Amino acid sequence: MIGWRQLSEFFMRHFGEEPELSCCAPGRINLIGEHIDYAGGAVLPLSISPGVSVAVRSLPAGGLSLVTDVLGEPQVHKLDRATAADGPAAYVLELARLTETASAQIAILSDLPVGQGLSSSAATGIAVQGALLALKPDAVLPSARAVCRAAQRAEHLALGTSCGLMDQYASMFGLEDSALLIDTWKESHTEVPLSGLAGLEIVVVDSGQPRQLAASEYNRRHAEMVGALNEARRLSGGFDCFRERPPEELLAIAETMPDPARRRIRHLLSEQRRVHDFVAALQAADQPAMGRLLRESHASLRDDAAVSTTQIDILVELLDGLPGCLGARLMGGGFGGSLLALFTAPVDNAALDDLLRDYAAACTLQAGWLSVAPGPGAWLSGAGNGRRSLAEWL
Ligand code: GLA
């Protein structure tokens, strides 16, 4: 994560003065529980060490100014309705509106790869709001959960992705030594210690496949899932969250429904079971079971959720065949983007590079990989101050 010194130098270079404070929010990986967070499922992400760092300074007037390294060549942008029609600038403008900030200088730096399924937009949503709220500690502050929901809503409005709450929640509440089992229905979580991953390396592989249609396809899957769930709710005589009902009962109902509704519900139920099985495997340090669950998850994402691509399926298969790889699967929204793989440490770099060369030859896509480490959830800091957890402060 980019620290205070580098961030404040960047801020000073563009605004000529020191920032007042900063907020850093991490990206996340998702161990398991994909495409179920918008349906009330329980998911198992963990926050990682790279993330988005935001420095701010309040102004009595003059509007909002933004400088960032994520919009190409850094330069100061005036943020208003006329200039920020859509994309990242509109997103930051919406986040400022949510915190009722009319005038401020904002600098954003990120060491989180963008578009690789590591949730750079959710981290931005948390870090920008956290920094702007910290500028006015005397105001009535929203709860940490409300900040997560606001970031989610801003993504819906400004970026057009009807995402669930997993990424924002993981970025806010993440812990260095635990994954979070998030109940997205109740908006609560339990900590699952990561000691069961000892001796493993968490590898994120960027497929190199652009996610151009990702938002529209993702939204379509979301709508299909919610539609299928509503139909199952009607046929079953009603429920609030699908987890109230025995999965066998809902599966029997799903089998009477036409495709794709049947397959979407099948994914929801089987992925939910795998999340709980993964928690048990993590607690028992049963690494082969974790690998098997990743492979099963990918098969379900490919066949029942239909969010994979031919290229990603090829890459998963290549990774699964690599000595030391326990299992791999598509991670995040799908339709391109990244994969998660668990490896017995240390990863054989040369073998992995060779594999990516084979993939490049087969798919004409340039893939890359990085090994990620867990990191803490969002925090506030300033010149000479220590860190303070954003979730605890709110
Ligand atoms: C994206 C969304 C999340 C979640 C995943 C799929 O990362 O932002 O809310 O739906 O896709 O599990």
Can you tell me which residue in segment 149-172 is modelled with the lowest pLDDT, limited to those that are surrounded by 24 or more Cβ atoms within 10 Å (Cβ to Cβ) and more than 12 Å from the ligand (Cβ to nearest atom)? Ala154
Here the residues within segment 276-334 that are over 22 Å from the mean Cα position of the chain (by Cα), at negative phi and of a type in the set (Gly, Ala, Ser) are Ala280, Ala281, Ala284, Ala289, Gly321
Does Ser119 count as surrounded by fewer than 23 Cβ atoms within 10 Å (Cβ to Cβ) and out of contact with any Ser or Thr (no Cβ under 6 Å at 6 or more places or on another chain)? no
Matching residues in segment 1-15 - criterion: being within 15 Å of Val56 (Cβ to Cβ) and part of a loop (DSSP other than H, G, I, E, B): Ile2
Please determine, by comparing only the residues of segment 20-48 that are small (Gly, Ala, Ser) and assigned to a strand (DSSP E or B), which one is nearest to Gly117 (Cα to Cα). Gly27
What number of residues within segment 335-366 are touching an Asp or Glu at 6+ places or on another chain (Cβ under 6 Å), within 30 Å of Arg221 (Cβ to Cβ) and of a type in the set (A, V, I, L, M, F, W, C)? 2
Right, Ser338: surrounded by 13 or more Cβ atoms within 10 Å (Cβ to Cβ), among the polar types (S, T, N, Q) and assigned by TED's automatic domain parsing to the domain that holds Val275 or not? yes
For segment 178-189, how many residues are within 13 Å of Gln283 (Cα to Cα) and of a type in the set (D, E, K, R)? 0
Please specify each residue of segment 367-384 satisfying the condition of being touching a residue at least 40 places away in the same chain (Cβ under 8 Å) and loosely packed, with under 13 Cβ neighbours inside 10 Å. Ala373, Ala383
With the requirement that a residue be closer than 30 Å to Trp369 by Cα and buried (at least 21 other Cβ atoms within 10 Å of the Cβ), what does segment 92-116 give you? Val92, Ala107, Ile108, Leu109, Ser110, Leu112, Gln116
What pairs come up if the first residue lies in segment 251-265 and is assigned by TED's automatic domain parsing to the domain that holds Ser236, the second is surrounded by 17 or more Cβ atoms within 10 Å (Cβ to Cβ) and not in a helix (DSSP H, G or I), and their beta carbons are under 6 Å apart, counting only those six or more places apart or on different chains? Arg263/Asp304
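The values are calculated or read from the model by the stated rules, or taken from the named source; none is laboratory data. Every value quoted in this text rests on a predicted model; they were computed, and no experiment measured them. As a convention, Cβ positions derive from the backbone with ideal geometry for all residues, glycine included, and neighbour counts pool all protein chains shown.
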